[in-house]
Each structure stands twice: as structure tokens, then as C-alpha cells.
Amino acid sequence: MQINDLIDRVEKLEGGSELARDLRKFVNKRRLGLVYEESKPEYVRLTSKPVVEGDLVNVLPPRGTMEDMSGDDEADDIWVVDTLEGGSAHLVSLEDEKTCNAAYEDLVAVARFDQTIYCGLSETGRVERGGDKPYHTVINGENYHALELMLFPYFQSVDCIYIDPPYNTGDKSWKYNNNYVAADDAYRHSKWLTFMEDRLRLAKKLLNPTNSVLIVTIDEKEYLRLGLLLEQLFPDATIQMVSSVINPSGVARGGQYARTDEYLFFVQLGTCRPSKLPLAKEWRTSKKTTTDEPTWRTVRRRGSHDTRVERPNSFFPIFIMKKTGKIVSCGQALDIQDDYRDVVSDDPEIEVVFPLKPDGTEGCWQIGAETISSLLDKGYVRCVSRNKWGWIPTYLASGEAKKVESGIYDIVGRGGANNEIQVASASDTEFVPGSQWRIPSHNAREYGSNLLANFIGKKRFSYPKSLYAVEDTLQFYLSDNPHALIVDFFAGSATTVHAVMRLNHRDNGRRRCIAVTNNEVSYEEATRFAKQGLRQGDEEWERFGIARYVAIPRVIAAITGIATDGNPVSGDYGIEDEDYQVVEGSIEDPETGKKLRGKYYRKAKMPAAYVTDPFPMADGFEENAVFYDLKYLEPSVITANLAFDEIAPLLWMRSGSVGPVITLGDTDPEEATFEVTDAYGVLFDYAWAPEFIEGCRARDVDHIFVVTDVDRQYRDLCAEFRGKDVKQLYKSYLRSFEIGQDR
Ligand SMILES: C[S@@+](CC[C@H](N)C(=O)[O-])C[C@H]1O[C@@H](n2cnc3c(N)ncnc32)[C@H](O)[C@@H]1O
């Protein structure tokens, strides 16, 4: 019986209608599907923001003390800065009426996600080796806010999002609201789900709904909940989970199977599908089967009724070019008393083939001369290696021919002596692999941590993905899109940027990757730094954060080919296998002492064939990248129209991340007129509209931004630039970029 039937029965009871109404209300409020208690509001510390009156703040414990970080710390209380005077602040609790005073130096600003904030981007560096190629971008900051910012340049236009979020292991590797989420935290999963749902909702807005993919990696701690969450957030998508071996030696889990694999969820939107690719044998989950190639049957009949006497009409000569095996023609069936040896060709280049059995006795053909001729036209006949009776003609029987016609075999064209159909060879057959991957190059230790060490030295980051695992994963969706836009908002060491650059290297593509990561340090480092009297926000702490110490140096080293120690990066891309190598040399005969020249075999590490595009890491990449810090801005700056340069990178990103960024620099916003690059134009003062329009036309720019509070002026420009991307920016620029949850 269902709950609604029960309520109907309650309603019919005397005095039951009120109870039934309450029950209905209760039932309607219940969420179906993934049920969890949201852990809101989320907040994040803004360690780089100078604290001003009106800010929300935490009060830090004295220097030299490590925060408790289990959730019961006073440092978690949120205060509003009432007044600031001298070196101290008067604070009012956000929760109740409590007040207190605190030293200014102990305050750290916090952003609660339910409050309006203003963000911008400030460039911290760039590396340029890619000519006019678009720039990859690494943003150091909280990804929730970075995603909100990205809605302006990339709403519904991202081709692929690849993320490797915190796995919620319970071992001080992930913080929510500034506290490590412990394994025994009663809200452990709720916190993780709240965190993920908020970010995935934004990610969904970035993805192109007609053709894009979201890829999320995860392990056994959260894969069940993540699967449900994705189903709920993307009800129309095709979702599939792949299991991938990333640690073949396994991590021991007491009383359980050792963990060798993790999972990848693929959420395909619209028409998005994985492409068939020419993959190495490791990707095959079964040995080659007969379904890979059609079966060619001998034209000579085998089995019952296979003699000349039984089928005299099927005993005729086939004339075949000796050298090539090309069938020239078929002759008439011989009279039963005629000797086939009397049939000869005038042309010494042509041989006469009869259906003789291996023992030399007379057989018969399976099909007649007319059928042979029509099958030849279709490319369904070929001659294979000769035996002592000459060439052996073979053909595709009707069942196989049907399979060819219905596309079951991968036919790549026609060729050969009889212009027969050609099937892709096993090595270049393109296919979509199965849902279990066991690929040696996906080993996270070897091709994640060890590979990363080539670029930035050892022990800077513990859990990078294998570069080739990310590259392979992306290639199924990006190989035929050389202009793809890829986002990774849990970028860590920026493996995804590196993988995208490798994909570009393969086909000279112009794909670009936007990577976002915060600048956190590990728990062990945080403890050590705190003991040294440092605090998050101090330069000595921040420079060891993952964005600044790992992601950005990695991207620079990968592009330039120069490791952080100043030397060329050692090693080649690709994976090595132990194999025997032939060595030529001289060996001394131990008995005679004579030198013998010869070949011998030596076991050696050799590049394995199955990583596409191996080349020296020191070659670097012909790519460009730019690095930004996410900045939190004061509303006063915005109302004074002073924040253009902080949003300038967003206009540039919207215009394809190519060429220079239009900024105001020292120019007074009131004095600014207009500026145009090859990619976009910004009109600051409508009085200059005619010159601006001319400038944009001359350079044929596709993206036009107009700074005006007058809607009519914007509409006029839209009319001028029909079919182009024309966008209005209000004079208090950042109003267009207001961020706040659940507004
Ligand atoms: C599992 S790691 C990703 C590793 C990455 N795939 C690689 O190969 O290096 C997750 C990363 O997300 C970052 N992160 C976690 N929460 C974040 C947040 N709210 N905003 C930005 N980055 C965050 C962490 O710093 C961490 O480095």
C-alpha cells in the first residue's frame, strides 16, 4: 500500500481530515531521491583581503598555536566588524548580541556564501611560447566563487569539465567551513554533498547543454552518493561509471580487498558521445574475435556434394593473373569427359585455376561464374596465397556480405588485386573501450607523482593523477574538437592543463584549459607552519600552497621544458617497459680469450608503444598560460567605478583568451574612450561610438562590450553588430558580477 492510500483512509476516519492534511503536508515536503541534511551556509576565509568595517571575520588564536579544526573552536565564531580603531577592532557576534574586542592583526575576513560579494581577477604571471594560440588559465582561489565568475565568459559554452574533487577520506585531507571533516563526523557525507551539489549546480550552467561532458573521478567513500547526486542534477544526461586501475599493487584495506582502482563518472549531455579511437591493445578487454574481420570463404565448395561428378556445371576455369592474383575472367563449364589439363591460357602471365582439392582430386565451385562476377563488382572476392594448384579464390557469403553492408565491420576502403573491400587492421581499428580500464600508463604513482617530480621536484604534492590517465580520458571527447574549452575546478597540480597541452601537441590543436585550485597546504605542513608562528595569509605560508608551489610552477615547467631547479626537464613522455634489446658488440670467448663479434640481447627499459606521442619533456610546449589570483573587492571600489581592471580578464576570456587584455591601468575611467584588439573591443564612452564601430569593423572582432547605463545605447550597438556577441556593462562594473548564494 502506498502512503497516499493510507492518508486517504485516515481522511475518511471520523475527525481524520485535519490529520490527513498535516500528513499530506509532511509527505509533500519530503525530498525523494538523495536525502541529506544540507550543511549551509558554507563560508571560506579570505586570507588575502584587508579587513574593513562591516566585514565578517574570524578571530585567530595567538600566533604559534594550531587551531583545533574539529569544529568546536572559538576561531570558528563569525563576527561583524563594528568599528576599527588603531590596532584593534570592536566586533559583534553574527549569531547573538555578544560583543568583543580583538587585535586587528588577529582578524581574518570570511565570505559566507549567502552574502553578496564582489570578485575579480588579478594577474600574477604568464608564460608565452604559443604565438597567437589561446591562453590556458590557472586561477588561485575558492572554486565556488571562481565558478560564479566564469558564468560571465563561459555560460553554456564549456565542452568538457574534468574534476577530481576531495574524496572525503576522513583523514584530514579535506576541510569544510575551515574544519577537517573527520571519519566519525556525523555530518561527514552531508557536508560533502552540500559542498559538491553547490559547485555542480554552477558547473551545469557552464556546460554546453547540446554537446558536452562532465567527468568526475571518485573512490569508494563517496561513489554511491555522487552517482545519485549526478542523476538528480542531470536527469536528462547519459551517465556511466568506469572503473579504472590506478594503483596495480593495491592499497591494503583491513579485512577488505586491496584497492587498486577508482571510478570515473561520465555525464554526457545532449549529443555528446565518446569517439572511436585507434587504441593500443591494452584497451581491449577481450582477445580479437571473429567479429573484428569478415570471414572469407573459399570459392571451392567444401563438405557434401563437393565433387565435379555431382556438380559438373560448377567445374569451370577461373583465369587469374599469376603475379597479382587478379581474376581476369571465368570460362565455360567443361563437359564431364573433358580433361581440365587441356585448358591452357595463351597468355603466359595468366594461370588457369580449377576447383581442385588439396589431394588433387576434382572438386567444384560453390558459386557460378555470374555470381563471381557480381561479387567482384562489390569487392567481395579476393584471391589468397597460392598453393600448388595456383591462387585460391575466396568470397564473402551472403551472411557476411550483409554484415559488411550494415556497418558491423570497420571497412576503410577498397584495394588489392581485385579491388576488394579493406577492413581496418587490428592495430588501427578505432573503437570505444569497455567500462573497465587497466592501462599501465594510468598508474598514479609512476605517471602522477613521479612524473610531476621531473618538473617541480619531489614531495610538493601527494595525489596527482597520472598525466596519461587524464589525457586518455579527455581524448574520447576532445580528439575531434581542436578548439575545445575545458574546465577543471579542483585542479590540484594542474594535471588537466598538462594533459590538454599534450592533446594539442598531437594535432596542433588550440584547446584551452581553465584550471582553478585553492592554495591550501597539507595538514602536516599547516601544523609545522603554525608552530613556527606563521598563519595562513603570511607570505611564508602562502608560497607553499598548492596553487603557487605546485600548479603554476608545473605549468611553467611543462611549457618551457625547464624544471624548477633550472635544468632542462629530464625524461621523455611515454612509458617504459622492460624488454630485450639487441646489442652488437664483441664478446670474449672465456676459453680461448678470442674476441668474437656478434649480436647479443640485453634486458633494458625501452619506451613502450602504448603512450601516443612520446617526445622529450625538455622540448616543452608551444603554448601560452596566464595565472590569476581571485580577488575579493570592496563595494566602495565598485561604486566609484574603479574596478574595471579586475573584471578585464573576464571580457578577454569571453573573447577567446587570445591577444592582449584590454585594461585601464592608470587611465581615469571617466577619461577612457574605447579600445579594440583583434579579438574584442570595449567602448567606455558612448561619444566615441562611431570611431569604435569603425575600429571593430576594421578588425572584424566578434565580441563587443559597451560600458553604459543607458539601455538604448546598448540596443543601438546590438543593431550595428547583428550576429556578434554584444554585451552591456554597467558603469559600476562589478555590479554585473555580483556573487551570492540563494539570492
Ligand atoms: C584531489 S586534488 C586534485 C588533484 C589533481 N587532479 C591532480 O592531478 O593534481 C583536489 C584539489 O582541489 C583543491 N580544492 C579543494 N577544495 C577546493 C575549493 N573549494 N576551491 C578550490 N580548490 C579546492 C585542493 O587544493 C586539491 O588540491
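Building the convex hull from the alpha-carbon atoms of the range 475-516 and averaging its projection over directions returns 2.6 nm². Sorted on the mean count of surrounding Cβ atoms within 10 Å across their residues, most packed first, peptides 514-520, 627-633, 22-28 read 514-520, 627-633, 22-28.
In the context of the full set of protein chains, residues of the chain present 50 Å² of accessible surface per residue (probe radius 1.4 Å, heavy atoms only).
Sparse packing (at most 14 other Cβ atoms within 10 Å of the Cβ) combined with a DSSP loop state is found for the following GluC sites (Glu not before Pro) in the range 314-380: E349. Taking label points 7 Å from Cα along the Cα-to-Cβ direction, K531 and S93 give a separation of 3.4 nm.
Which net charge results when you count Lys and Arg as +1 and Asp and Glu as -1 among the other residues whose beta-carbon is under 13 Å from that of R300? Before the final figure, lay out each step's value.
Working: positive: R297, R301, R302, R308, R311, K357; negative: D306, D359, E362.
Its environment carries a net charge of +3.
Trypsin sites (Lys or Arg not before Pro) within the range 330-439: which are DSSP loop residues with at most 13 other Cβ atoms inside 10 Å? When the trypsin sites (Lys or Arg not before Pro) of the range 330-439 are filtered for loop state and at most 13 Cβ neighbours within 10 Å, K388 remain. Relative to the Cα centre, the charge distribution of the range 647-741, modelled as +1 at Lys and Arg Cβ and -1 at Asp and Glu Cβ, gives a dipole magnitude of about 440 debye. Of the three principal axes defined by the Cα atoms of the range 231-365, the extents in descending order read 82, 40, 31 Å.
The Cα atoms of the chain cover 122, 99, 73 Å along the three principal axes, with the biggest extent listed first. Per-peptide packing, taken as the mean over residues of other Cβ atoms within 10 Å, places 538-551, 702-715 in the sequence 538-551, 702-715 from highest down. Could you work out how far the C-alpha centroid of the range 455-510 sits from that of the range 226-277, in angstrom? The range 455-510 and the range 226-277 have Cα centres spaced 18 Å from each other.
In terms of packing, defined here as the mean over residues of other Cβ atoms within 10 angstrom, the peptides 644-652, 528-536 line up highest first as 644-652, 528-536.
Here K403 is the anchor, and the aspartates and glutamates within straight C-alpha reach of less than 17 Å, apart from those fewer than 8 places off in the same chain, are D292, E293, E420.
Straight-line cross-link partners of K724 among the lysines, defined as a Cα under 25 Å from its Cα and at least 8 positions apart when in the same chain: K133, K204, K205. Listed cross-link partners K172/K281; K98/K221; K221/K465; K49/K172; K29/K98; K458/K631 are compared with a 28 Å cut-off, the Cα-Cα value being larger for K172/K281; K98/K221; K29/K98; K458/K631.
Exactly which chymotrypsin sites (Phe, Trp or Tyr not before Pro) in the range 267-360 are in a DSSP loop and have at most 14 other Cβ atoms within 10 Å?
Working: sites: W283, W296, F315, F319, Y340; in loops: W296, F315.
In loop regions of the range 267-360 (DSSP not H, G, I, E or B), there are no sparsely surrounded chymotrypsin sites (Phe, Trp or Tyr not before Pro).
Mind checking the angle between helix 369-378 and the chain's longest principal axis? C-alpha axes, 0 to 90 degrees, to the nearest 10. Between the helix axis and the principal axis of the chain, the angle is about 20 degrees. Computed on the chain, with alpha-carbon pairs under 8 angstrom and 6+ residues apart, the relative contact order is 16 percent. Beyond 19 Å in Cα-Cα separation lie the following of the pairs K326/K357; K40/K175; K323/K388: K326/K357. With Cα atoms defining each centre, the range 525-566 and the range 671-697 are spaced 41 Å apart in the structure. Carbon and sulfur: what percent of the chain's accessible surface (1.4 Å probe)? Within the chain, the accessible surface is 48 percent carbon and sulfur.
The values are calculated or read from the model by the stated rules, or taken from the named source; none is laboratory data. Bear in mind the structure is a predicted one, so any value in this text is a computation, not a measurement. Positions of Cβ are backbone-derived with ideal geometry, glycine not excepted, and every protein chain shown enters the neighbour counts. The accessibility values were calculated without ligands, DNA or RNA, using every heavy atom of the protein model including side chains. Shrake-Rupley method; radii C 1.70, N 1.55, O 1.52, S 1.80 Å.
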